[in-house]
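Derivation of every value follows stated rules applied to the coordinates shown; laboratory data play no part. Since this is a predicted model, take the numbers as computed values, not measurements.
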């Protein structure tokens, strides 16, 4: 059995961080411009916040609290997503090896 590879998990974490940051910025800019595309980015933000909402339905990562708490919730959400995605990738790689 191979060891848990932190480097790969970190790559997944950083990839998700960049993607979610881009989605968040797009949501803000499109909402301020009152664009119809903000409905799409709004759905993407809800999908991104889904793991955190499983813990508590009133607790998405984009809560309206101070900046520290927003960052903390976002990091927790990203860790949950990263671990899930990493485990999925490990399972897929094991299936391919067989």
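Across segment 6-97, Cα pairs under 8 Å and at least six residues apart give a relative contact order of 31 percent. For the chain, the longest principal axis of the Cα atoms and the long axis of helix 38-48 meet at an angle of about 40 degrees. Full-extension gain between residue 98 and residue 43, please, as 0.36 nm times their residue separation minus the C-alpha to C-alpha distance. Full extension of this stretch gives 16.1 nm more. Recomputing Cα extents along the principal axes in Å from the coordinates shown identifies the correct label among (1) 46, 34, 22; (2) 51, 27, 22; (3) 35, 33, 24 as (2).
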